[in-house]
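Just below is one structure, and these are the notes that go with it.
All of the numbers you see were taken from the coordinates with simple rules; none came from a lab. Remember, it's a predicted structure, so these values are computed and weren't measured experimentally. A quick note on method: Cβ atoms are made from the backbone with ideal geometry, for glycine too, and the neighbour counts reach across all protein chains shown.
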Amino acid sequence: VLSGLWRRISLSSRITLSGSLVLILVIATLLYSVIQEEVERLRAEFTRKITSDLAILVPTLTEQAMLGDYSTIRQLLTPYAERSEVERVVWRDPQGYEVAIDSKIPQSTAPAWFRRLMQLQAYEGWQEIHVGGVNYGKVGVLLHPTPTLNKIWQIVVEGLRSLGIGLVVMLVVILLVLRQALRPLRRLAADVQRFGEGDYALRTPLEGPPEISSSLQAFNRMASRIASPLAALHENEAKVRLLAAAVEQSNDAILTCDLDGVIITWNKGAERLFGLRAEEAVGTTVGAAHIQHLGVTIDEQRVGQPSYHASEAEEQRTNNAGETFYVSWSTAPLLDAQGEAIGEIGIARDITPLKRVQELLSRSNEELEIRVQERTSELARAKEVAEAASRAKSEFLANMSHEIRTPMNGVLGMTDLLLHTELDPRQRHFVQTVQSSGTALLKVLNAILDFAKIEAGKLELETVDFRLAEAVEDVVQLFAERAHAKGLEIACNIEPAVPDALRGDSGRLQQILSNLLGNALKFTA
Amino acid sequence: MGMICWLLSSVPLLAQDTTLSFGVMPQRTITLNAQYWNPILHYVNTHSGIHLAYRPNKNTAEHAAMIREGAFDFAYSNYFFIPEYVGADYQVVVRPAEAAIRGDIVVLETSPIQSLKELDGKVVGFPHKAAFVGYLVTYDKLLHEGINVEVVFGGNQEGIMGQLKAGRVVAAGVNSQVMRDFAEREKLSYRVLWRSQDYYNIPIIVHPRITQDKVEAVRAALLQMSQDPEGLRILKESAALIKLDPPYGFVASGAADYENTRLFFQNALVHSE
């Protein structure tokens, strides 16, 4: 109990307590020694005093004793008896007659236990009065220890008072000094805690007495040396904790066993998957836990075959309720820091839902294939119909365009001839309108014909030499008047780098440009 | 049994239970007197069977009164020579063995004083008032001669001799023997202006009520002391206390030896305390 209490006491309290005990012991020993010395001195003093007193009293009383002058003897004894330590002084003649003076014993101020401790008894001394060989009586002195005890007790009280004051002063001084001296240590404790919590850049300021300052300096040096490794370790620990938490909280069953097939770790996922708690599984063998896919390659590891690798497998299991479920296994050797195999790790996952989905998918695919085949046949037939319709349309358009364009060319020729005749303005206007409308209609027909060719895949481009600038300028010139009429200006600018002598279908090129310019003029305000 | 018989035979037949008082003239302190006389009295008690006990007195007046009243059975005193105390009729038993003493009136050798007459009006020293030859006899002489001097006491014999040597007194009344010893020791030269007749020292006396056989027993014991080694030892030790020179002990004596003493006191002009 004492050692437990002592361990809980702070350094300040220990030093204060120890110092106080030592001081108390020293002063108590000193006080006891002083008192014992004083007692011995007083005993000797009593003996000496009695001897000396009797040496004085005897000659003083001798003549009166010889004369038998009792009244004078009483007068002589009375002053002596008035002394504080004298309890009784007696003269007794040879016949036994006494002259005794008793003094009032002062009241004891010392407690009873102290009086018993001191063992100071009353001192009594007698001396006969012999003169020339004749006994004239004897004188007795009884010294009482009370005044002396009171004096010693006063010394003790003053000593204890001094002890008390000394203790208080010492305690205050020690506490002040320790508080001052230990402040750096308290700060060091706080700094160490902060350092331990990860504040590795922390360095405590050097202060306090040399012993403590050197400790602080040692801490700083140590902190400087281990800060970097600690930071790395701390980071690794965090990673390990995170990894451990991840493993523990993983939905997958993650378990390890040693080279003897004894299960070492067993996470929550394993508990859920295999219906076995960790405290039941850890320590047992993989065989006892019915884990067939773990530990199977251990024998190979033991013989040191380097060909051991990670493996994957699936199995079908039955749970405690008799339900079938599927598990996928991924196993790998568990290696130590030196790369030596120390066991095996396995990760198992419940793939029953996946299996169910796979089955559903398989069935769906089969159905889909059938439907696709059906749809494909339908589409093939529809395609054939559509292609036939398209060909009919194209043939119709081609035929119709050809049939319309021929008479249209006749109309245009006639209107052109008509314009070259004398016509009043109104007629001319009518003819011009017919010509322009016919021209526009011919363009539509050509376009339809082209479209039909394109769709029928019969559009053919001619390949002839032409000059690009001429072809472009001809088209622009055709639209110059219309542009001018709308208040627009149209210009042709061909970059010098563009080659001029080209081979191709200039008519199709001009057709493209005409469509573009026409739209441009049409939609330019 | 033999031892008891021997003890009984060693005790004189006169041994009695009664204790007889022994007074001592208070020349010295009571204690010193007791130290001196108690061993002697113990010897006498042992060898005479008479139990003598020292009876001290506070002062000379008390001693003188007890002499006058005959209160002491035995006494070492010369007060009984004084006329007013003779009524008790004490008788001399023995006297000290020492030689008779004389009183001298002396001056320094260098003193111009040649006769007692020249001391008239001068300062003269004496040991103390109880000194028989040193004061009573010498001062009584001056009084009889009609010489008036201024009396100074020195406390004891050598005290007044010291004052004489120092010149504080012109002359001194001294015991002749003591003066001679002092002068020899101190290399002091002096002249004797007057010397008294010889007087025996103080005797041991007994009251007439004491029977003769007891007196004789005491006397015998006292007289044999100096002859007995034990007695002589006691005498020497007691004498040493008061610096008394030999011869020690006592010798037989009677009234005749003190006739001049008795006459002196009878005619003395000096008042004795």
Report summary line: In degrees rounded to 10, the 0-90 angle between helix A:11-67 Cα long axis and the longest Cα principal axis of chain A is 10
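For peptide A:400-412, what's the mean number of Cβ atoms from other chains within 10 Å of each residue's Cβ?
Numbers: counts 0, 0, 0, 0, 0, 0, 0, 0, 0, 0, 0, 0, 0.
For this peptide, the per-residue mean of nearby foreign Cβ atoms is 0.
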Query raised in the report: What residue among A:Ala497, A:Leu423, A:Leu334 has its Cα farthest toward the positive end of the dipole of chain A, where the charges are +1 on Lys, Arg and -1 on Asp, Glu, each on the Cβ?
Result: A:Leu334
Report task. Take each of the peptides B:187-198, A:492-503, average the number of other beta-carbon atoms within 10 Å over its residues, and list them starting from the highest. Result -> B:187-198, A:492-503
Query - C-alpha center-to-center spacing [segment A:176-208, segment B:72-144] in angstrom - result: 110
Report summary line: Longest principal axis of chain A (C-alpha) makes with the long axis of helix A:210-249 (C-alpha) an angle, in degrees to the nearest 10, of 40
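Return A:Phe396, A:Phe523, A:Phe219 ranked ascending by Cβ neighbour count within 10 Å, so the fewest neighbours appear first.
Values: A:Phe396 11, A:Phe523 7, A:Phe219 18.
Fewest-to-most Cβ neighbours within 10 Å comes out as A:Phe523, A:Phe396, A:Phe219.
Given the DSSP H assignment, sum -39500 (n - 2.57) over each helix run of at least 4 residues in chain B and divide by its residue total; what's the result at 222 nm in deg cm²/dmol, nearest 500? Before the final figure, lay out each step's value.
Values: 9 runs with 102 residues, N = 273.
-11500 deg cm²/dmol, from helical runs alone.
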Query raised in the report: Can you list the residues, at least 5 places off or on another chain, whose amide H is less than 5 Å from the amide H of B:Leu193, using H built in the peptide plane?
Result: B:Ile105, B:Val106, B:Val107
Query raised in the report: Hey, got the average number of other protein chain Cβ atoms within 10 angstrom for residues in A:54-63?
Result: 1
Requested in this report: Express the relative contact order of chain A as a whole percentage, based on alpha carbon pairs under 8 Å and six or more residues apart in sequence.
Outcome: 7
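To make sure I understand, if each residue's beta carbon is the centre and we count other beta carbons within 10 Å, what order do B:Thr138, A:Thr324, A:Thr352, B:Thr261 fall in, fewest to most?
Working: B:Thr138 31, A:Thr324 10, A:Thr352 16, B:Thr261 22.
Starting with the residue having the fewest Cβ neighbours, the order is A:Thr324, A:Thr352, B:Thr261, B:Thr138.
Mind checking A:127-134 for the average number of partner chain beta-carbons within 10 Å of each residue's beta-carbon? Don't skip to the end; give the middle numbers.
On the way: counts 0, 0, 2, 3, 12, 17, 8, 9.
Going residue by residue through A:127-134 and averaging, the value is 6.
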Query raised in the report: Per the helix-only calculation at 222 nm, which mean residue ellipticity applies to chain A, given -39500 (n - 2.57) for every DSSP H run of n ≥ 4 and division by its residues, nearest 500 deg cm²/dmol?
Result: -22000 deg cm²/dmol
Report task. Find out how many positive minus negative residues lie around A:Ala469, taking Lys and Arg as positive, Asp and Glu as negative, among other residues whose Cβ is under 13 Å from that of A:Ala469. Result -> -4
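Got a sec? How would A:Ser436, A:Ser401 order by Cβ neighbour count within 10 Å, fewest to most?
On the way: A:Ser436 12, A:Ser401 22.
Ranked by crowding around the Cβ, least crowded first: A:Ser436, A:Ser401.
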Report summary line: Checked segment B:181-250 with the C-alpha gyration tensor, a ≥ b ≥ c its square-rooted eigenvalues, rounded below a/c of 1.5, otherwise prolate if a/b is larger than b/c and oblate if not; verdict oblate
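Which of rounded, prolate or oblate describes segment B:108-257 when judged by the alpha-carbon gyration tensor and an a/c cut-off of 1.5?
Values: a/c = 3.12, a/b = 1.89, b/c = 1.65.
Judged from the Cα gyration tensor, segment B:108-257 comes out prolate (a/c at least 1.5, a/b above b/c).
Taking the Cα centre of segment A:170-219 as origin, sum charge times position over the Cβ atoms of Lys and Arg (+1) and Asp and Glu (-1), and report the length of that vector in debye to the nearest 20. It would help to have the intermediate numbers written out before the result.
Working: 6 positive and 5 negative charges, 30 e Å.
Charge dipole of segment A:170-219: 140 debye, to the nearest 20.
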**Report entry** Whole-number percent relative contact order across segment A:1-141, with pairs defined as alpha carbons under 8 Å at least 6 apart
**Finding:** 23
Report summary line: Relative contact order in percent for chain B (Cα pairs under 8 Å, 6+ apart) equals 26
Query raised in the report: So how far, in whole Å, is the C-alpha centre of segment B:43-59 from the one of segment A:1-80?
Result: 48
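Placing +1 at every Lys and Arg Cβ and -1 at every Asp and Glu Cβ, with all other atoms neutral, what dipole size does chain A have around its Cα centre, in debye to the nearest 20? Intermediate results must be reported in sequence, preceding the final value.
Details: 54 positive and 66 negative charges, 535 e Å.
Using only the charged Cβ atoms, the result is roughly 2560 debye.
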